[in-house]
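Novice: Handing you this structure, nothing more for now.
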Amino acid sequence: MGQDREIFVIGGGPSGLAAAIAASQRGFKVTVADGNRPPIDKACGEGLMPDAVLALQQLGVHFSSEEGHCFRGISFLNKAETAAAAQSDTAQAEFPIHPAIGIRRTTLHKKMVEAAESCGVQFLWNTPVTGLTQAGVLLGRNLIRARWIIGADGSLSRVRHWCGLKNNGRSCVRFAYRRHYRVRPWTDFVEVHWGPALQAYVTPVAPDEICVAVVSRNPHQRSEEWRVFPELAAHLADAPPVNTERGAITGMRRLSRVYRDNVALIGDASGTVDAITGEGLNLSFRQAFALAEALESGDLAKYQAAHRRISMRPGLMGRLLLMMDDRPLLRQRVVRILAGENDMFSRLLAAHVGESSVFQMMTTGAMFGMRLLVA
């Protein structure tokens with residue numbers, strides 16, 4: 001293990017794999033190390049938005065019809081919280097161009113590992129990295145020299161700590177719990193059920209299976225809090241769970257810098273957007289392309305600039321959606337407007353997944369803001 005590496009990636013999750021593949025596509029020799037073995041699971045909603053599907057295709061990752069379940073849009077279902085608003089509101093919009101897919105996280109990881117192997121990426125599974133030096137990375141007492149090091153080791157990144165790259169705080173920490181149920185999907189939309197300070201995200205992931213993720217500010221709530229939503233409870237009344245629940249923390253975190261010397265951060269290690277956006281994975285994939293380009297030029301400052309630019313849209317959308325989380329009256333007005341103006345919801349969804357121009361996004365946002373003021 002004394003062989004030098006051009007690029008050493010610490011963390012073998014989707015963000016680390018995306019970085020490895022993107023760099024390999026530009027001719028770099030890449031090694032990935034992780035303390036676990038594949039497939040690596042994680043609590044998430046398991047819905048890949050259209051922009052994430054397109055990014056995966058660029059990385060050489062493709063799915064067959066048996067490996068997931070396509071969905072064509074998003075539904076917002078707002079639970080009535082007062083006697084005066086006894087009727088729940090439902091807003092629904094389709095993606096304008098490209099489809100999306102719900103897929104088990106373990107299946108996604110397996111496909112990405114296969115794509116990385118086909119690019120010549122070398123793997124060191126069950127191999128935790130124990131430190132960094134100016135020359136490379138430490139695997140116990142072994143030093144692996146590397147020209148570039150990529151930290152893709154998640155929101156609690158040790159690489160970030162080792163480099164002294166501080167975050168700017170994390171606002172609105174929330175707790176997510178995910179579980180799968182054996183039931184035939186009743187819709188080809190991802191449903192977002194909005195309730196008092198929590199949401200339930202329902203994603204079809206197979207012809208006979210759905211993923212339910214419950215996200216709340218309350219750490220004591222668990223996956224079966226979906227029972228507070230009558231429509232969802234009716235669908236899941238007799239559905240047996242496929243597995244035990246998994247939990248994770250989600251929130252908004254921004255770093256002032258995402259690189260130092262020859263070390264760059266990617267994915268949750270470089271900052272996070274709340275799960276409410278559904279854009280966490282796509283953000284990592286886009287960062288991977290930008291990082292590979294910067295590595296090819298030998299200038300990580302280019303990655304810093306691209307990272308900031310890439311994070312703007314999902315960061316803005318995350319903050320706007322979180323405003324609805326703890327403001328029931330605002331949420332009710334928003335969903336009611338979107339329910340009555342389907343075309344506006346479709347344009348906002350197109351902006352969210354990057355399928356509209358900046359001008360169209362600003363115009364639609366201004367129109368929606370006017371409707372919200374007079375509603």
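The values are calculated or read from the model by the stated rules, or taken from the named source; none is laboratory data. Keep in mind that what you see is a predicted model, and the values were worked out from it rather than measured. Here Cβ is always computed from backbone atoms with ideal geometry, including for glycine, and neighbour counts include all displayed protein chains.
Novice: Let me confirm something: among Glu191, Glu245, which residue is surrounded by 24 or more Cβ atoms within 10 Å (Cβ to Cβ), among the charged types (D, E, K, R) and touching a Ser or Thr at 6+ places or on another chain (Cβ under 7 Å)? It would help to see each step written out before you state the result.
Specialist: Numbers: Glu245 fails: surrounded by 24 or more Cβ atoms within 10 Å (Cβ to Cβ).
Result of the check over Glu191, Glu245: Glu191.
Novice: Residues that are at pLDDT 95 or above and among the small types (Gly, Ala, Ser): does segment 236-250 have at least one?
Specialist: yes
Novice: Also, I was wondering about something else. Could you look through segment 112-142, keep only residues that are of a type in the set (S, T, N, Q) and either outside any loop (DSSP other than H, G, I, E, B) or outside the structural domain of Pro14 (by TED's automatic domain parsing) (or both), and pick out the one that is modelled with the lowest pLDDT?
Specialist: Result: Asn142.
Novice: So, one more: Do any strands (runs of 3 or more DSSP E) entirely within segment 143-237 hold 3 or more residues that are among the polar types (S, T, N, Q) and touching a residue at least 60 places away in the same chain (Cβ under 8 Å), and if so, which?
Specialist: 167-182
Novice: Give the residue, chosen from Phe95, Phe71, that is within 28 Å of Ile249 (Cβ to Cβ) and surrounded by 18 or more Cβ atoms within 10 Å (Cβ to Cβ). Spell out the reasoning first.
Specialist: Working: Phe95 fails: within 28 Å of Ile249 (Cβ to Cβ).
Unique residue meeting the criteria: Phe71.
Novice: Would you point out which residue out of Glu245, Glu341 is of a type in the set (Asp, Glu) and out of contact with any strand residue (DSSP E or B) (no Cβ under 8 Å at 6 or more places or on another chain)? Show your work before the answer.
Specialist: Values: Glu245 fails: out of contact with any strand residue (DSSP E or B) (no Cβ under 8 Å at 6 or more places or on another chain).
Glu341 is the lone residue from the list that is of a type in the set (Asp, Glu) and out of contact with any strand residue (DSSP E or B) (no Cβ under 8 Å at 6 or more places or on another chain).
Novice: Could you please give the count of residues in segment 1-25 that are in a loop (DSSP other than H, G, I, E, B) and at pLDDT below 95?
Specialist: Within segment 1-25, the subset in a loop (DSSP other than H, G, I, E, B) is 1-4, 11-13.
Subsequent filtering for residues that are at pLDDT below 95 retains 1-4.
Total meeting the criteria: 4.
Novice: Only residues that are of a type in the set (Gly, Ala, Ser) and in contact with a Phe, Trp or Tyr (Cβ under 9 Å, 6 or more places away or on another chain): list them for segment 316-375, please. Walk me through it before giving the result.
Specialist: Step one: filter segment 316-375 for residues of a type in the set (Gly, Ala, Ser), giving 318, 339-340, 346, 350-351, 354, 356-357, 365-366, 369, 375.
Ala339, Ser346, Ala350, listed by residue number.
Novice: In addition: Given the conditions (1) more than 24 Å from Arg174 (Cβ to Cβ); (2) surrounded by 13 or more Cβ atoms within 10 Å (Cβ to Cβ), which single one is not true for Ala301?
Specialist: Unmet condition: (2).
Novice: Could you tell me how many of the residues in segment 323-351 are under 21 Å from Arg217 (Cβ atoms) and crowded, with 19+ Cβ neighbours inside 10 Å?
Specialist: Of the residues in that region, 7 qualify.
Novice: Of everything in segment 303-324 that's touching a helix residue (DSSP H, G or I) at 6+ places or on another chain (Cβ under 7 Å) and touching a residue at least 60 places away in the same chain (Cβ under 8 Å), which residue is nearest to Trp194 (Cα to Cα)?
Specialist: The selected residue is Met324.
Novice: Take Ala115 and decide whether it is surrounded by 15 or more Cβ atoms within 10 Å (Cβ to Cβ), over 30 Å from Glu6 (Cβ atoms) and hydrophobic (A, V, I, L, M, F, W, C).
Specialist: Spelling it out, it is not the case that Ala115 is surrounded by 15 or more Cβ atoms within 10 Å (Cβ to Cβ), over 30 Å from Glu6 (Cβ atoms) and hydrophobic (A, V, I, L, M, F, W, C).
Novice: Do the conditions hold for Asp274, that is, is it over 25 Å from Leu48 (Cβ atoms), in the same structural domain as Ile10 (by TED's automatic domain parsing) and of a type outside the set (Gly, Ala, Ser)?
Specialist: For Asp274, the condition - over 25 Å from Leu48 (Cβ atoms), in the same structural domain as Ile10 (by TED's automatic domain parsing) and of a type outside the set (Gly, Ala, Ser) - is not met.
Novice: Continuing with the same structure: For segment 200-222, name all the residues that are farther than 23 Å from Pro99 by Cα and surrounded by 21 or more Cβ atoms within 10 Å (Cβ to Cβ).
Specialist: As a first pass, look at segment 200-222 and keep what is farther than 23 Å from Pro99 by Cα: 214-222.
Result: Val214, Val215.
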